[in-house]
1. Can you list the lysines whose alpha carbon is less than 25 Å from that of K202, not counting same-chain residues fewer than 8 positions off?
2. From the helices alone, meaning DSSP H stretches of at least four residues, give me the mean residue ellipticity at 222 nm for the chain, per-run term -39500 (n - 2.57), in deg cm²/dmol to the nearest 500.
3. Just to confirm the number: angle between the C-alpha axis of helix 63-72 and the first principal axis of the chain, 0 to 90 degrees, nearest 10?
4. Measure nothing fancy, just the Cα-based angle from helix 240-260's long axis to the longest principal axis of the chain, in degrees from 0 to 90, nearest 10.
5. Roughly how many debye, to the nearest 20, is the charge dipole of region 82-210 about its Cα centre, given +1 on each Lys and Arg Cβ, -1 on each Asp and Glu Cβ, and no other charges?
6. If you restrict to DSSP beta bridges whose two residues both lie in the chain, what percentage is antiparallel, to the nearest 5?
7. Please state the shape class of region 90-206: rounded when a/c is under 1.5, otherwise prolate if a/b exceeds b/c and oblate if not, all from the C-alpha gyration tensor.
8. Which order, highest average first, do 41-47, 85-91, 14-20, 230-236 follow once you tally other Cβ atoms within 10 Å for each residue and take the mean per peptide?
Amino acid sequence: MTKIKTKKKFGQHFLINEELASDITKKLIYKDNVIEIGPGKGVLTKNLFPKKVTNLVVSEIDRDLVAYLSLKFPSLKIISGDILTLDFNIIYKKKFSIIGNLPYNISSQILFKILDNRDKIVEFVIMLQKEVAERICSTYNKKSYGILSVLTQTYYDLTLSEPILPYNFDPPPRVDSCVIHAVRNNNIDIGINYYKFKNIVKNCFQNRRKTLRNSLKNLNLPKEFTSSDIFSSRAEQLKLNDFIWLSKEINKINNEVRTNK
Ligand code: SAM
């Protein structure tokens, strides 16, 4: 097969440790409809296709790799293009899972896309930069706790792997990596629209050092509400349920203001 030129702009670091590749794919539980993001040269793909999963679709942006993969796996369904602009609804009408060693430069954007589609994505197994993975899995009262931790953990139960060192890749990245295994939890309806919830969480973390009373000033909340104790805390001190409660209360107030207008 022809030699593929590595393209930095696509965050290409190919996993060369076959044992690790097999271990990562073994984490996947939901095997009926699966999307693999950035299959590269197929190190994970070959552990999934054709036998281990049914209905695998892979999404790869690099046309040289798409050509390479179509030769290597002639009957594999390959979508050539950018995962960020791909409409998942066109691929699967029903539930599906996601697997991939992500391009690290767009891993947060991919995670936000997964969260947008949380009611169809029952599980995901993704490798990403260790620091980002740790932030996603971080808990309250830690510096690394932030928007991605709150949103992801609200909807998914997470397990973080041990660090994977750069020599397992070609070319080796400058950072360590980790795998997150996420399984959709029972939070189907938290009582507030997801985008409103996301927006309030974002507002809370806008300036981490400020108390919520200060960071949420722009929402013009009534004084009797913002005088409660929770507003003297900083965002990183709030547990997941505190965020859900706070967002629902703010939403209630906003709805009342709207109906009284
Ligand atoms: N899965 C392979 C492996 O483990 O060796 C490759 C992993 S490499 C870190 C990331 C892969 O994602 C590359 O194949 C790259 O071309 C692809 N990629 C980068 N940006 C992408 C995008 N926006 N949409 C789809 N694939 C993308």
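The values are calculated or read from the model by the stated rules, or taken from the named source; none is laboratory data. All values reported here derive from a predicted model rather than from experimental measurement. Please note: Cβ atoms are built from the backbone with ideal geometry, for glycine as well, and neighbour counts cover all protein chains shown. These area figures cover heavy atoms from the full protein model, side chains too; ligands, DNA and RNA do not enter into them. Shrake-Rupley method; radii C 1.70, N 1.55, O 1.52, S 1.80 Å.
1. The qualifying lysines are K113, K120, K130, K142, K143, K210, K217, K223, K239, K248, K252.
2. Working: 11 runs with 95 residues, N = 261.
About -10000 deg cm²/dmol.
3. For helix 63-72, the angle is close to 50 degrees.
4. So the helix axis and the longest Cα principal axis differ by about 60 degrees.
5. On the way: 18 positive and 12 negative charges, 129 e Å.
The dipole magnitude comes to about 620 debye.
6. Numbers: 16 of 33 bridges.
Of the beta bridges lying entirely in the chain, close to 50 percent run antiparallel.
7. Values: a/c = 2.02, a/b = 1.33, b/c = 1.52.
It is oblate, given that a/c is not under 1.5 and a/b is not larger than b/c.
8. Values: 41-47: 20.7, 85-91: 11.6, 14-20: 14.9, 230-236: 17.7.
Order by mean packing, descending: 41-47, 230-236, 14-20, 85-91.
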